[in-house]
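Read through the structure below, which is laid out as structure tokens, and then see the notes.
The values are calculated or read from the model by the stated rules, or taken from the named source; none is laboratory data. Remember, it's a predicted structure, so these values are computed and weren't measured experimentally. Here Cβ is always computed from backbone atoms with ideal geometry, including for glycine, and neighbour counts include all displayed protein chains. We work out accessible area using only protein heavy atoms, side chains counted, and drop any ligands, DNA or RNA first. Shrake-Rupley method; radii C 1.70, N 1.55, O 1.52, S 1.80 Å.
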Amino acid sequence: MILYYDIAFVVSLILTLVYAAMWHKHFNVHFTLIFTLIPITNLGYLLQSHAETLDGALIGVKMAYLGGCFMVLFILQSVLGMCHIKMPRQLNIVLLLLNILLYMSVLTIGSSDIFYKDCAFVRDSSGAGYITDKEYGFMHTVFFVMVCLYSLSSIAALVYCFFRKKSISRKMIYLLLMPELVVLFSYFVGREVLNGLEIIPLAYIFAQVMYLLIVKRLCLYDVTDSAIDSLVQTGGTGFISFDLKFNYLGSNGTARRIFPELSEVTVDRPVGEKLKIHDSFAEWLSHFVKDELDDKFYWKSEGSTYLIDVNHLFDGRRKIGYQFLVTDDTKNQQYISLINSYNSALKAEVEAKTEHIEEMHDKLILGMAVMVESRDNSTGGHIRRTSDCIKILIEKIRQTGVYELDDDFCKRLIKAAPMHDLGKIAVDDAVLRKPGRFTDEEYEKMKAHAAEGARIVHAILDGTDDVRFHIIAENVAHYHHERWDGSGYPKKLKGEEIPLEARIMAIVDVYDALVSKRCYKDSMPFDKAFAIIDEGMGTQFDPELRESFTLARPELEAYYS
């Protein structure tokens with residue numbers, strides 16, 4: 001039935017496009033290869049069914065065997081990757097070369113007897129063409145042996161993970177096993193099931209559906225793993241994540257040290273009711289679900305007190321689960337207890353604790369800025385360099401006295417500098433990471449980062465007690481691309497309409513861009529960079545800052561050297 005093969009090809013192509021829309025850089029590369037091969041393979045069956053002659057049908061056969069020769073290898077490699085079983089690189093290369101040699105023997109069909117010794121072409125009652133009366137060569141036997149070995153290896157790996165690896169989701173194991181069994185079944189049953197029709201195209205479509213379910217689940221795990229990895233770097237913060245059905249997704253080493261029973265919990269399963277931690281987790285989550293403001297709880301264990309902070313787990317703006325942040329709050333609780341009795345004596349320690357909290361807040365902001373910078377096409381370090389250089393320029397401004405900058409303003413401007421490009425988090429990667437000049441449309445998208453940065457900074461600092469820092473940070477993010485002559489963006493402010501902090505930031509930002517090496521350009525010589533900034537005084541930059549920048553030049557060049 002010709003329509004069967006037409007539909008199979010179209011459906012497999014649609015499923016591949018669905019996968020492309022879901023694609024994420026953390027996906028196993030073998031998933032992509034599988035989704036690429038299946039439509040090509042089903043196209044081979046389609047061409048075979050439409051063929052008018054034996055030669056035309058053999059072209060389709062050769063395309064169909066492209067999937068047959070490589071699919072089982074890619075399925076095996078995807079299974080090993082998902083199960084965290086590393087195949088030696090040399091073995092990987094050898095297997096790939098063997099499969100290439102096997103497919104080269106397929107290409108000899110019609111001109112050699114190493115794969116097919118003989119065959120005939122017929123049409124069934126529906127008009128669909130197919131190859132019959134096949135007499136196989138020895139390489140076809142090799143092909144079936146290869147299919148069996150790869151398939152059995154994949155099944156063995158999944159069985160091993162099911163019994164030995166709790167870090168692998170059981171649901172994921174089932175999803176990986178089903179297409180493996182169906183494809184293996186289809187290879188050996190062939191035309192016997194569907195009244196003469198090849199069952200393999202249908203098996204491949206089933207495999208695509210299963211793999212789409214897998215990658216959809218991977219999106220959830222990827223968000224979780226990224227959060228865990230970032231928190232592992234801090235050392236002292238525990239992280240525990242659950243999906244919306246309160247199934248356990250994972251935790252880092254710090255969390256498992258605080259809650260040893262987590263080591264007994266299987267990924268993708270609820271926390272067992274027999275475990276002591278079950279009631280506590282369920283109670284915390286219940287309070288949070290009823291009132292999201294009720295998100296902080298305490299856990300005492302072995303003389304230590306831990307603060308449990310419950311939040312939603314997000315994929316973009318979509319809520320996909322819950323996360324528990326666990327921090328050692330023992331000292332803080334001791335301070336509170338002592339303050340109740342000895343308030344005056346503990347005043348200095350309270351101030352130290354406040355300073356520590358501010359430091360944590362600053363690190364969080366810097367971490368966000370570094371995350372944004374990691375997406376950019378710079379060589380890195382822009383945030384650190386601009387923070388250091390703004391200190392140098394501020395010192396010279398105070399030295400010249402052109403503007404009176406008090407200590408409080410200078411401290412807050414230096415603290416706000418890393419936040420100036422936070423808005424780039426909203427810029428599409430294709431634009432942000434493009435080497436070279438932007439098109440007009442791309443430039444408009446890039447310019448949006450200033451206003452978006454102001455919005456993000458406002459959201460982060462909304463409600464802070466330090467109102468002055470809030471204003472300075474928001475102005476730096478919003479207006480550091482405004483020009484003195486009014487031709488900048490996003491508001492086309494002119495002259496002293498531009499906040500002073502943004503005027504200072506603009507000089508440092510442009511200077512760093514000029515003298516730093518990027519993936520698409522070399523660093524500019526200091527003399528040329530200085531000349532560009534100096535020439536821009538009065539058009540792009542505040543002319544009152546010319547003398548200060550000139551005084552800062554030796555220190556800036558020494559710094560970049």
Just one of (1) open to solvent by 30 Å² or more (accessible area, probe 1.4 Å); (2) touching a residue at least 24 places away in the same chain (Cβ under 8 Å); (3) closer than 23 Å to Lys62 by Cα; (4) of a type outside the set (D, E, K, R) trips up Thr32, so point out which.
(2)
When you scan the range 117-139, do you find a residue that is out of contact with any Lys or Arg (no Cβ under 8 Å at 6 or more places or on another chain), assigned to a helix (DSSP H, G or I) and surrounded by 14 or more Cβ atoms within 10 Å (Cβ to Cβ), even just one?
yes
Of all residues making up the range 252-278, the number that are more than 15 Å from Ser241 (Cα to Cα), part of a helix (DSSP H, G or I) and modelled with pLDDT under 80:
1
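This table checks each residue for (1) open to solvent by less than 30 Å² (accessible area, probe 1.4 Å); (2) over 28 Å from Phe469 (Cα atoms).
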residue: Gly486; (1), (2): yes, no
residue: Gly495; (1), (2): yes, no
residue: Ile498; (1), (2): yes, no
residue: Ile507; (1), (2): yes, no
residue: Asp527; (1), (2): no, yes
residue: Ile532; (1), (2): no, yes
residue: Asp542; (1), (2): yes, no
residue: Glu555; (1), (2): no, no
residue: Ser561; (1), (2): no, yes
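Suppose we keep only residues that are hydrophobic (A, V, I, L, M, F, W, C) and open to solvent by less than 20 Å² (accessible area, probe 1.4 Å) within the range 147-163. Which one would you say is nearest to Val72 (Cα to Cα)? Reasoning before the result, please.
Filtering the range 147-163 down to residues hydrophobic (A, V, I, L, M, F, W, C) leaves 147-149, 152, 155-159, 161-163.
Among the residues that remain, those that are also open to solvent by less than 20 Å² (accessible area, probe 1.4 Å) are: 147, 157-158, 161.
Details: Val147: 6, Ala157: 14, Leu158: 15, Cys161: 19 Å.
The qualifying residue nearest to Val72 (Cα to Cα) is Val147.
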Flagged in the range 266-280 as surrounded by 12 or more Cβ atoms within 10 Å (Cβ to Cβ) and farther than 22 Å from Gly236 by Cβ, in numbering order, are Thr266, Val267, Asp268, Arg269, Pro270, Val271, Gly272, Leu275, His278
First in the range 264-276 and charged (D, E, K, R), second anywhere and surrounded by 13 or more Cβ atoms within 10 Å (Cβ to Cβ) and modelled with pLDDT under 80, Cβ under 6 Å, 6 or more apart
Asp268/Ser169
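Please specify each residue of the range 85-107 satisfying the condition of being among the polar types (S, T, N, Q) and surrounded by 14 or more Cβ atoms within 10 Å (Cβ to Cβ). Lay out the reasoning, then the answer.
Residues of the range 85-107 among the polar types (S, T, N, Q): 90, 92, 99, 105.
Hits for the range 85-107 are Asn92, Asn99, Ser105.
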Here is a check on your reading of the model: is Leu3 in contact with a strand residue (DSSP E or B) (Cβ under 7 Å, 6 or more places away or on another chain), assigned to a helix (DSSP H, G or I) and either open to solvent by less than 70 Å² (accessible area, probe 1.4 Å) or not hydroxyl-bearing (Ser, Thr, Tyr) (or both)?
no
For residues that are in contact with a Ser or Thr (Cβ under 7 Å, 6 or more places away or on another chain) and free of Cβ contacts under 8 Å to residues at least 24 places away in the same chain, scanning just the range 252-263, find the one that is nearest to Asp328 (Cα to Cα).
Arg256
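So if I check each of Phe288, Phe297, which one is part of a strand (DSSP E or B), modelled with pLDDT of 85 or more and surrounded by 14 or more Cβ atoms within 10 Å (Cβ to Cβ)? Please lay out each step first, then the result.
Working: Phe288 fails: part of a strand (DSSP E or B).
The unique qualifying residue is Phe297.
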